[in-house]
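The values are calculated or read from the model by the stated rules, or taken from the named source; none is laboratory data. Owing to the predicted nature of the structure, the values given are computational and were not obtained by experimental measurement. Neighbour counts are summed over all protein chains in view; Cβ atoms, including those assigned to glycine, are modelled from backbone coordinates with ideal geometry.
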Amino acid sequence: MEALSQLPDETLALRAQAGEPDAAELLCERYKDMVRMMARPYFLLGGDRDDLLQEGMIGLYKAIQHYKAGHNAAFRSFAELCVGRQIISAITMAARNKHQPLNSYISLYGDPAGLSEGGPELIDLLKLPTAEDPEEALLHKEAELDMRRKLDELLSPFEKQVVDLFLSGLSYQQIGEALSCGRKSVDNALQRVKKKLEA
């Protein structure tokens, strides 16, 4: 690391791109104060100072990965540009609430009430246990039919298809391919189903 510390930033960036992790680490260490200074005047909606610093460090990492020698630009100028753009981009995204649905999602694999760790998962509540006893099997069958009727009332045809495919073990990608839609549509449908079932 001592030999690297004597090298200029431009050389370190090229070495980092060639896969030398110590070079990238040294550049991050050299420029962390610059990132801190650039992030200081900004405010991130729904975030804190550390979030802005992290965005700035992401911008610095992008600068390290994409710097090209021979463009008559010092690495520092390129890094400042990348860090500034990353911070502004994060602030713009936060102001648009673009990721709000992803940040407030409800997991099918979590506690439905969200109150206790280790509680039953919503996916388990959707599945009925199999029974050995014929009487229990009949009761479970009736309960399943009753639940299906309730689901038919609550869910749209698309949501029912998504739930059926999800419960059969398909991934979001596979469900999207089967129904000719995107993964985001599948995720949104499952979130709506969960909210309806919780209500």
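Observations, loosely collected:
- Residues being of a type in the set (Gly, Ala, Ser) and part of a helix (DSSP H, G or I) - total across segment 21-52: 3
- Among the residues making up segment 4-20, those that are polar (S, T, N, Q) and surrounded by fewer than 14 Cβ atoms within 10 Å (Cβ to Cβ) are SER5, GLN6.
- Being outside any helix (DSSP H, G or I) and under 20 Å from GLN6 (Cβ atoms) is a condition met by at least one residue of segment 72-84.
- Note on segment 47-78: residues that are in contact with a Leu (Cβ under 6 Å, 6 or more places away or on another chain) and crowded, with 17+ Cβ neighbours inside 10 Å amount to 2.
- When restricted to residues that are closer than 16 Å to TYR67 by Cβ and either touching an Asp or Glu at 6+ places or on another chain (Cβ under 9 Å) or not in a loop (DSSP other than H, G, I, E, B) (or both), segment 5-20 contains 9.
- Test: LEU170 is modelled with pLDDT of 75 or more, within 26 Å of the chain's Cα centre (by Cα) and surrounded by 15 or more Cβ atoms within 10 Å (Cβ to Cβ): yes
- Subset tally (residues that are at pLDDT below 65 and either farther than 28 Å from VAL193 by Cβ or among the aromatic types (Phe, Trp, Tyr) (or both)) for segment 62-119: 2
- For first residues located in segment 180-199 and under 16 Å from LYS150 (Cα atoms), partners that are in a helix (DSSP H, G or I) and modelled with pLDDT of 85 or more and lie 6+ apart or on another chain with Cβ distances below 7 Å form the pairs ARG192/GLU159; VAL193/GLU159.
- All positions within segment 147-164 that are within 23 Å of the chain's Cα centre (by Cα) and at pLDDT 85 or above: GLU159, VAL162
- Segment 21-46, subset surrounded by 15 or more Cβ atoms within 10 Å (Cβ to Cβ) and farther than 22 Å from HIS66 by Cβ, residue nearest to the chain's Cα centre (by Cα): LEU44
- Each residue in segment 1-20 was checked for being under 29 Å from the mean Cα position of the chain (by Cα) and more than 19 Å from ALA73 (Cα to Cα), and 3 of them qualify.
- Every pair of residues 6+ apart whose Cβ atoms lie under 8 Å, when the first sits in segment 59-82 and is of a type outside the set (D, E, K, R) while the second is part of a loop (DSSP other than H, G, I, E, B): PHE75/PRO8; PHE75/TYR67; PHE78/TYR67; ALA79/TYR67
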